Amino acid sequence: PLDLQAYTFLKHRHRAPKQSLSPYLALLMPAIDTGATLQMAEPVSALLRARALGDLQSLLRVQNPSLQPVTIEAEAGPLPMPRGTRGVGCGFSAGVDSMSTLALSQQGRLLPISHLVTLNVGAMGDDAEARALFEKYRARVESFAASEGYTALPIDSNLALFYQSDANEFSKTVTLRNLVPILAFQHLISVYYLSSTHPMEDIFIGRTERMSRADPMLLPMLSTEVQFQADSGTYLTRVEKTRLIQDVPYAQAHLDVCVAPPERRLAVGNCSHCWKCGRTLLTLELLGTLHQFAGVFDLATFKEKRPEIIRELAMRAMEGDGSIDLEVFRLAQAHGKLPRWLNLRLLTGLGPRSWSFRHHVGKLIARLWPAP
């Protein structure tokens, strides 16, 4: 059975409403993957059921044409309106996206956020190191929330057990995975912000390995009568988000962007040389605020591995899948660190054709970009 355990939820002895949509949404993608019939014994949101029968399935199959149409056997019924005051939640990974969502909220550009959610839905894997990493992140969100005046809601789950096929790989199902647990807490959260991964120019409906490329269209389809799902920060580029948080004290003290293996993140936090650490550090360097993040990054390691970081990031940018990595090199040109004759648009057009081409151009860019 699907198991969602929220530490704060249990500690405060709240009772979940009998009518929970989590199993319905959790099993939708595996059902579409196999073409199985999805049956629900309890009534589900009439709004969500209608979308799942039509637009939602259609969008998911556009992203992945191998998915099969699924029959849904579920009675539609109105959700009971939760009593009392409910909050506004957002995911908290301590990365650039979630930190910028908090900053936008504090600036009045989003509703005031009350709940910070940290999830275990498969992003960290399912081995012992992944379990330990989630426990580290659980402690982090509880500590951060207590110091900054939020309510922490860390949620553990066995959701990944239902997503074992290639069609259900994490990036292909990330939006559904992240929203499944939130629907179990509609009595606590009325609006939930999912921090955008992609800037507006990368948003589209089409065949893709990244479900999140369609988040602004997906999230309204996953909303219910009593809980609204919304994206936040899609109109900002990653560079603009980094600029937004660069002078924020809690970001300087807690920023965590690393994608190194779990055992590495358990030991040191940010490794300071994986592609995501490197992208963030190069951006901060160009913005002139790198030194302000010395408490969460090893700047000596970054300095030592900087040419390699630039080469590898340039190779990623030339793979042609989105503009987030490319932003760093545009910023470098704008700051006079790379020559204007370097035609980034042409390079990203040619790059996907050859690993060797990307490798040699990446080495060239690393030589052209001077040390600060």
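The values are calculated or read from the model by the stated rules, or taken from the named source; none is laboratory data. This one's a predicted model, so the numbers in the text were calculated from it and none came from an experiment. Here the Cβ is made from the backbone with ideal geometry for all residues, glycine too, and neighbour counts use every protein chain on show. Ligands, DNA and RNA are excluded from the accessible area calculation, which covers all protein heavy atoms including side chains. Shrake-Rupley method; radii C 1.70, N 1.55, O 1.52, S 1.80 Å.
Assorted remarks:
- Residue 93 vs. criteria farther than 18 Å from residue 187 by Cβ, crowded, with 20+ Cβ neighbours inside 10 Å and of a type in the set (S, T, N, Q): no
Conditions tested, residue by residue: (1) over 25 Å from residue 33 (Cα atoms); (2) of a type in the set (Phe, Trp, Tyr); (3) in a loop (DSSP other than H, G, I, E, B).
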position: 173; (1), (2), (3): no, no, no
position: 176; (1), (2), (3): no, no, no
position: 190; (1), (2), (3): yes, no, no
position: 219; (1), (2), (3): no, no, no
position: 223; (1), (2), (3): no, no, yes
position: 231; (1), (2), (3): yes, no, no
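- Residue among 256, 298 that alone is closer than 22 Å to residue 372 by Cα and touching a residue at least 12 places away in the same chain (Cβ under 8 Å): 298
- Of the residues screened, residue 235 is one that is aromatic (Phe, Trp, Tyr), over 21 Å from residue 153 (Cβ atoms), more than 14 Å from the chain's Cα centre (by Cα) and modelled with pLDDT of 90 or more.
- Any hit, the range 355-363, residues being surrounded by 14 or more Cβ atoms within 10 Å (Cβ to Cβ), among the hydrophobic types (A, V, I, L, M, F, W, C) and touching a residue at least 40 places away in the same chain (Cβ under 8 Å): yes
- Filtered by the rule that a residue be part of a loop (DSSP other than H, G, I, E, B), touching a residue at least 60 places away in the same chain (Cβ under 8 Å) and open to solvent by less than 70 Å² (accessible area, probe 1.4 Å), the range 121-169 gives 121, 124, 125, 158, 163, 165.
- Flag if residue 267 is under 30 Å from residue 128 (Cβ atoms), part of a helix (DSSP H, G or I) and open to solvent by 40 Å² or more (accessible area, probe 1.4 Å): yes
- Considered as a group, the residues in the range 195-238 that are closer than 25 Å to residue 327 by Cα and of a type in the set (Val, Ile, Thr) include one that is least open to solvent (accessible area, probe 1.4 Å), and that residue is 234.
- Positions within the range 283-314 being open to solvent by less than 20 Å² (accessible area, probe 1.4 Å) and either at positive phi or in a helix (DSSP H, G or I) (or both), in sequence order: 283, 284, 286, 293, 302, 306, 309, 310, 313, 314
- Residue 77 loosely packed, with under 13 Cβ neighbours inside 10 Å and among the small types (Gly, Ala, Ser): no
- Residue check for residue 37: open to solvent by less than 50 Å² (accessible area, probe 1.4 Å) and in contact with a strand residue (DSSP E or B) (Cβ under 7 Å, 6 or more places away or on another chain): no
- Annotation note: of 101, 85, the sole residue that is closer than 12 Å to residue 194 by Cα, out of contact with any helix residue (DSSP H, G or I) (no Cβ under 6 Å at 6 or more places or on another chain) and either open to solvent by less than 40 Å² (accessible area, probe 1.4 Å) or of a type outside the set (Gly, Ala, Ser) (or both) is 101.
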